[in-house]
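Please find one structure pasted underneath; my questions will follow.
The values are calculated or read from the model by the stated rules, or taken from the named source; none is laboratory data. Note that the structure is predicted; figures quoted are calculated from it, not measured. Note: areas computed on protein heavy atoms with side chains; ligands, DNA, RNA excluded. Shrake-Rupley method; radii C 1.70, N 1.55, O 1.52, S 1.80 Å.
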Amino acid sequence: MTGGLVWSLTGLALLDSVNAATIWIVIVILLGARRPAPTGWAFMLGAFASFLAIALMFYFGLSFADSVLDGLTLWLRRLLFAGLAVALVAMGVRRLRPRERKAYTLPPWVNAWSALPFGVLATLGDLPNAFPMVLAVERLIDARLPAPAAVAVLIAYTLVYALPATLILAAGLAFNDDLRSQLDTILKGHTTGTAAPNPKTAAACFAGAAVSLAVLFFWIG
């Protein structure tokens, strides 16, 4: 593995780790579950295992496809950056008008026993935001790493992906009384009410879309 590949994969893993859906669900579990410790850890296990399984399926599936279709990774890279540009433009447009925030509530059936499959379902539901992971898989295939090394890299990638939510869960369990009110305030501030237009965030999204298109047309070609 080259240093450039290591840094690019690390950056993608860190970007993937800022996963709002998983983090909010962990906070909801800390605030609302009857048994937050086993429920939270079971949820994280389900999220971790399903994310890793999806990454491995992408890797082996795309590796096979690349062995059959020459140039597949190049076209995949083009598709990813084109899709990212479209997604960022749509996100920027949404930030220019008021919008109802998405509420996160813990389904009544979630408990210490059902939290693991709930973590799997939550991860599957968040697949549309898996752009960094798919790009990381594409970079691994393009680098022609041996399969065992690629699997080890994807395990490390998944550990980084799960790190923020895991740290929040551990801190919430260790300092539950001190953090409960703060977490509740943060959760309500980001998941209730109506968000006002945010031109600065919209401008950042449009700039990101422009960068994605520049990469698409001038770097990837």
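Quick one: the Cα spread of segment 80-181 along its three principal axes, in angstroms, biggest first?
Taking the Cα atoms of segment 80-181, the three principal extents are 49, 41, 27 Å.
In square nanometres, what is one fourth of the surface area of the convex hull spanned by the alpha carbons of the chain? Walk me through the numbers on the way to the answer.
Details: hull surface 53.9 nm².
For the chain, averaging the hull's shadow over all directions gives 13.5 nm².
From the gyration tensor of the Cα coordinates in segment 70-122, what semi-axes in whole Å does the equivalent ellipsoid have, largest first, with each one equal to sqrt(5λ)?
The three semi-axes for segment 70-122 are 33, 24, 4 Å.
What helices in the chain pass both tests, a Cα length along the helix axis of 18 Å or more and a mean Kyte hydropathy of 1.0 or higher, using whole DSSP H runs?
Helix filter hits for the chain: 3-17, 36-68, 72-95, 147-174, 199-214.
Percent of accessible area on the chain owned by carbon and sulfur, 1.4 Å probe? Walk me through the numbers on the way to the answer.
Details: 8590 of 12030 Å².
After summing per-atom areas, the C and S share lands at 71 percent.
Something else now. For a bin width of 10 Å, list the pair-distance distribution of segment 1-127 built from all Cα-Cα distances, rounded to whole %.
Taking all Cα pairs of segment 1-127, the binned fractions are 11, 29, 31, 22, 6, 0 percent.
Ok, one more. If amide hydrogens are placed 1.01 Å from N in the peptide plane, which non-local residues have theirs closer than 5 Å to the one on Arg99?
Hits under the 5 Å cutoff: Ala195.
Further question: What does the helix-only formula give at 222 nm for the chain: each DSSP H stretch with n ≥ 4 adding -39500 (n - 2.57), the total divided by the residues, and the result rounded to the nearest 500 deg cm²/dmol?
On the way: 9 runs with 168 residues, N = 221.
Rounded to the nearest 500, it is -26000 deg cm²/dmol.
Given contacts defined as C-alpha pairs under 8 Å and at least six residues apart, what's the relative contact order of segment 1-152, whole-number percent?
Working: 110 pairs, mean separation 73.6, N = 152.
That works out to 48 percent.
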